[in-house]
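Notes follow once the structure below has been shown.
The values are calculated or read from the model by the stated rules, or taken from the named source; none is laboratory data. No experiment lies behind these values; they were computed from the predicted model shown. Neighbour counts run over all protein chains shown; Cβ positions are idealised from the backbone, glycine included.
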Amino acid sequence: MTAWTRICALADIPTLGSRVVESSSEGRIAVFRNSENQVFALRDRCPHKAGPLSQGIVHGTTVTCPLHGWKIQFEDGQVVAPDVGCVKPYPVKVDGGDIFLQLAPSSPPG
């Protein structure tokens, strides 16, 4: 069973920016906001060389890793071809101006 955990207000993440959430069981999770105020969450680790995706460039529904330019899709965590790989995505929602992340009950963000 999973639970929704409030992370922050939508306004706390700048447009085209991110915020890092620490989870005891999941590690670092990057929460992103795009130019259309859509919010997405991915493990903060590129599958190529473990680059911090939270420091990448957000564009549309993808983020570009700051180390080697790999592009990762927010919806499913898949790397855009010709590169191959996947990052774990997390369910996220905005409700009443607040961002909520869905984590297992034993994984509260820190």
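Closer than 18 Å to G85 by Cβ, at pLDDT 95 or above, of a type in the set (A, V, I, L, M) and in contact with a helix residue (DSSP H, G or I) (Cβ under 8 Å, 6 or more places away or on another chain): is that true of A41 in this structure?
Values: closer than 18 Å to G85 by Cβ: yes; at pLDDT 95 or above: yes; of a type in the set (A, V, I, L, M): yes; in contact with a helix residue (DSSP H, G or I) (Cβ under 8 Å, 6 or more places away or on another chain): no.
Judged against the criteria, A41 is not a match.
Scanning segment 62-79 for residues that are without any contact (Cβ under 8 Å) to a residue 40 or more places away in the chain, out of contact with any Gly (no Cβ under 6 Å at 6 or more places or on another chain) and not basic (K, R) yields a count of 10.
If you take the residues in segment 84-104 that are assigned to a strand (DSSP E or B) and not aliphatic (A, V, I, L, M), which one is farthest from A50 (Cα to Cα)? Reasoning before the result, please.
Start the filter on segment 84-104 by keeping residues that are assigned to a strand (DSSP E or B), which leaves 86, 89-90, 92-95, 98-103.
Now drop any that are not not aliphatic (A, V, I, L, M), which leaves 86, 89-90, 93, 95, 98, 100, 102.
Working: C86: 12, P89: 15, Y90: 18, K93: 26, D95: 31, D98: 29, F100: 25, Q102: 23 Å.
Going through the qualifying residues, I end up with D95.
So G110 fits all but one of (1) in contact with a Leu (Cβ under 6 Å, 6 or more places away or on another chain); (2) of a type outside the set (K, R); (3) at pLDDT below 95; what number is the exception? Answer for G110: the failing condition is (1).
I need a count of the residues in segment 1-29 that are assigned to a loop (DSSP other than H, G, I, E, B) and modelled with pLDDT under 95.
Taking segment 1-29 as the starting set, the residues that turn out to be assigned to a loop (DSSP other than H, G, I, E, B) are 1-2, 13-16, 24-26.
From the residues that got through so far, the ones that are modelled with pLDDT under 95 too are 1-2, 24-26.
Total satisfying the criteria: 5.
Would you check which residues across segment 70-83 are surrounded by fewer than 20 Cβ atoms within 10 Å (Cβ to Cβ), in contact with a His (Cβ under 9 Å, 6 or more places away or on another chain) and outside any strand (DSSP E or B) and list them? Scanning segment 70-83 gives a single hit, D83. Say we look at segment 91-105 and pick out the residues that are hydrophobic (A, V, I, L, M, F, W, C) and over 17 Å from F74 (Cβ atoms); which of these is surrounded by the fewest Cβ atoms within 10 Å (Cβ to Cβ)? My answer is A104. A count restricted to segment 30-60 and to residues that are assigned to a strand (DSSP E or B) and farther than 14 Å from I72 by Cα stands at 2.
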